[in-house]
Each structure stands twice: as C-alpha cells, then as structure tokens.
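The values are calculated or read from the model by the stated rules, or taken from the named source; none is laboratory data. Quick caveat: nothing in here was measured; it's all calculated off a predicted structure. Counting neighbours? That spans all protein chains shown, and the Cβs are built from the backbone with ideal geometry, glycine included.
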Amino acid sequence: MRFTLYAALFLSAATLLTACSGEVEDIRPGQPVKTRQQAFKAIIRSFEPMGVMLRGKAYDADKFLTLANELVAQRDAPWVHFGPDTNYPPTKATPEVWRLPEKFAQDRQAFIAATDTLLAAARTKDRKQLDAPYQAVYDACQGCHKTFKQR
Ligand code: HEC
C-alpha cells in the first residue's frame, strides 16, 4: 500500500518535471528532429558571439573571421533532416515547412547568400563593414522563423 503511494508520488513528480522542462525525447530512428535542432544550436553558437562583439567594444578581426567561417561551415547542416515525415514532437517547426516547400527553400537560400556576404565582409577585417551584413543574416534567420518556426 505504502509502496504504491510512493510510486504514485514519484510518477507524478516525474510527469511534472517533464512538463516543466518541455522536453520530449525524439525516439525515431536517426532522430531527425533532435539532429536538426542541434544543427541550429551549433549555428547560433557561432552567430551569437559575432553579435556580442559588434555590440561591445571588443572587436577582434581574426576571431570574427573564424566565427564567420564556422557559420558558413555549419549553415547547410539542418536542412536534410527536414524529411517528409518529420513533423512530430519535439519539433518547433510549423506545418508550413511541409506545406510551403518553395518558400522554405527560398528563405534558406536568402540565409545562405547573407552568410556569404557576411564572410566576405569579415575577410576585409574592416569593422565598419560588418554591421549591415550581420544584420542581414539576423533578418534572414528571423524572416524564416516568422513563417516556419513556432514561437
Ligand atoms: C530557412 C529557415 C530557417 C533559417 C534561415 C534559420 N532557421 Fe532557425 N529554425 C528553423 C526551423 C524550421 C526551426 C525548428 C526546427 C525544429 O524544431 O524542428 C529552427 C530552429 C532554430 C533554433 C532552435 C533549436 C532548438 O531546438 O532549441 C535556433 C536556436 C535557431 N533556429 C537559430 C537560428 C539562427 C541563429 C539562424 C540564422 C543564423 C537561423 N536559425 C536560421 C528555420 C530556420
């Protein structure tokens, strides 16, 4: 009797914890949702520090260039993991990814082009040339998220 009570308490605590963190495991073979989410997290780990550098006073041309190269190296990783049957929890994608594939591809292309421009600017090592292309990449992320990512 006591055992079942504890078991029940433990279970509801576990349920609460899951609900709080909002974590749903991706249990599908190959974990496409988790894999693409990790790819986006890798992208933001390169992109964010560039913004920090531009907003502060600690601009380091070599470091910035390294980050821009990293961003370009990572920019192609998420997309192959948006397979036709991969709209399931824990995805944060909207159904529009699968409903509007042409627009999704266009937004992706715009993002890729923007990262090319940012890398070219980073290579000049001229601080004054970086704000606009950084902002353009930011706008490309947001532009896609507006339609294709839940908020
Ligand atoms: C062409 C569309 C597109 C572009 C461009 C794009 N994203 Fe996303 N992003 C998505 C979609 C769709 C998801 C949701 C993926 C999922 O959960 O299945 C996402 C998810 C994310 C996540 C959440 C990962 C997680 O699970 O917590 C981050 C962070 C992110 N994107 C950052 C960025 C940044 C930074 C950029 C630009 C440098 C960017 N994205 C560009 C479509 C895009």
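Just to be sure, is Pro89 within 12 Å of the ligand (Cβ to nearest atom), in a loop (DSSP other than H, G, I, E, B), in contact (Cβ under 8 Å) with a residue 12 or more places away in the chain and surrounded by fewer than 15 Cβ atoms within 10 Å (Cβ to Cβ)?
Numbers: within 12 Å of the ligand (Cβ to nearest atom): yes; in a loop (DSSP other than H, G, I, E, B): yes; in contact (Cβ under 8 Å) with a residue 12 or more places away in the chain: yes; surrounded by fewer than 15 Cβ atoms within 10 Å (Cβ to Cβ): yes.
For Pro89, the condition - within 12 Å of the ligand (Cβ to nearest atom), in a loop (DSSP other than H, G, I, E, B), in contact (Cβ under 8 Å) with a residue 12 or more places away in the chain and surrounded by fewer than 15 Cβ atoms within 10 Å (Cβ to Cβ) - is met.
Out of the residues in the stretch 25-44 meeting the condition of being touching a residue at least 12 places away in the same chain (Cβ under 8 Å) and among the basic types (Lys, Arg), tell me which one is surrounded by the most Cβ atoms within 10 Å (Cβ to Cβ). Selected residue: Arg36.
Filtered by the rule that a residue be among the aromatic types (Phe, Trp, Tyr) and near the ligand (Cβ under 8 Å from one of its atoms), the stretch 24-71 gives Phe40, Phe47. Here Lys125 passes the criteria (1) more than 9 Å from the ligand (Cβ to nearest atom); (2) basic (Lys, Arg); (3) within 29 Å of Gly30 (Cβ to Cβ) except the one numbered (3).
Number of residues in the stretch 63-90 that are more than 19 Å from the chain's Cα centre (by Cα) and within 16 Å of Asp131 (Cα to Cα) equals 3. With respect to being within 10 Å of the ligand (Cβ to nearest atom), in contact with a Ser or Thr (Cβ under 7 Å, 6 or more places away or on another chain) and at pLDDT 95 or above, Gln74 fits the description. Selection of the stretch 115-151 for residues being more than 14 Å from the chain's Cα centre (by Cα), closer than 17 Å to Pro49 by Cα and aliphatic (A, V, I, L, M) yields Leu118, Leu119, Ala121, Ala122, Leu130, Ala132, Ala136. Just so you know, in the stretch 94-112 the residues that are more than 10 Å from the ligand (Cβ to nearest atom) and surrounded by 15 or more Cβ atoms within 10 Å (Cβ to Cβ) include one that is farthest from the chain's Cα centre (by Cα), and it is Leu100. Sort out which residues of the stretch 140-151 are of a type in the set (D, E, K, R) and either surrounded by fewer than 14 Cβ atoms within 10 Å (Cβ to Cβ) or modelled with pLDDT under 95 (or both), and write them in order of number. Once the filter is applied, which keeps residues that are of a type in the set (D, E, K, R) and either surrounded by fewer than 14 Cβ atoms within 10 Å (Cβ to Cβ) or modelled with pLDDT under 95 (or both), the stretch 140-151 yields Lys146, Arg151.
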